[in-house]
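This report concerns only the one structure given below.
Computed from the coordinates by the stated procedures, all read-outs in this text should not be read as laboratory data. Nothing here was measured: the structure is a model prediction, and the numbers come from that model.
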Amino acid sequence: MILVTGATGNVGRHVVELLTARGEKTRVLARDPQRAAGLGATEVVQGDLTQPRTLPAALDGVDAVFLFAAPGCGPDLVAAAERAGVQRVVLLSSDSIDDEQAEQSNPIAAYHAEIERALRGSRLAWTFLRSGHMAINVLPWAAQIKAGDVVRAPYAQATSAPVHEADLAEAAVVALTEPGHEGRTYRLTGPDSLTSAEQLALIGAAIGRPLRYEEQTPEAAREQMSRFIPPFILDTLMAGSAASVGRTATVLPTVEELTGRPARSFAAWARDRAGDFAA
């Protein structure tokens, strides 16, 4: 039995689908079991990584865990998994972790690094999938695109190598079901370095409408985004975007090395998610 956390999210739902297609028994941990009812999992249990009392039942009889991390969940999850006899954990982690730093200055990296430390210090076989910039990070543009042909956002020339959530899921399933990945850390990216403006143009091509990127000042963007993004995350996102301007994003072959096929392009992602942007 494989326990999948974060199964109602963009990556986890693909993990469940792929495991089911392989004939694996899957159990989904969900705060709201009704939301997970249509995923096709063998079982759905109510629970929450941030509520340790729900973990023993979720982990009973489980051999492996796909862990979509919640801040602070590492020690309790590790303790419960060891008691339950879990063999391996595959963690979707963050490529923002700097292994040269004892304490991470990036708050997103910090909570992922904390969970990585808990797993490293455990008896569990672990695999870390450190994701780079996810293609789904541009979904907040959807409301503007549905309303018109202009996206107002900062740093039009910020670069990234967006990775498709389906590629992250396929890599996770390989690590969960095939030997040889224990104690390994993998960095995963998409296949192309693209600016934010180029990503928007590819979304426009996918939905058949030319779109224009209208660059906001960082101050205007910060004021707008602070209404729905916590300050510590917003600071990290803004600093990362500013630092990437004028640089080519790192592109790695890890997806192909793990899955046996090339990583999906951002253009393919835009076509897959065109319904999220079409008016």
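Details
- Computed Kirkwood radius, in angstrom, where 1/r is averaged over Cα pairs of the chain: 19.7 Å
- The amide H of residue 47, built 1.01 Å from its N in the peptide plane, has 30, 31 as neighbours under 5 Å, considering only residues 5 or more places off or on other chains.
- The range 77-197: C-alpha gyration tensor shape, a/c 1.5 cut-off, then a/b vs b/c: prolate
- The range 234-279-the range 39-89 distance, computed between alpha-carbon centres (Å): 29 Å
- Within the chain, no helix built from a complete DSSP H run reaches 30 Å or longer along its own axis (Cα positions) while carrying a mean Kyte-Doolittle hydropathy of -0.5 or higher.
- Dividing the convex hull volume of the alpha-carbon atoms in the range 2-131 by its residue count gives 99 Å³ per residue.
- Shown here: the range 50-91, whose C-alpha atoms stretch 24, 21, 13 Å along the first, second and third principal axes, sorted largest to smallest.
- Relative intensity, log₁₀ I(q)/I(0), of the range 161-223 from a Debye sum that treats every alpha carbon as a point, q = 0.17 Å⁻¹: -0.79
- Contour minus Cα-Cα distance for residue 143 and residue 57 (0.36 nm per residue): 27.0 nm
- The amide H of residue 212, built 1.01 Å from its N in the peptide plane, has 150, 151 as neighbours under 5 Å, considering only residues 5 or more places off or on other chains.
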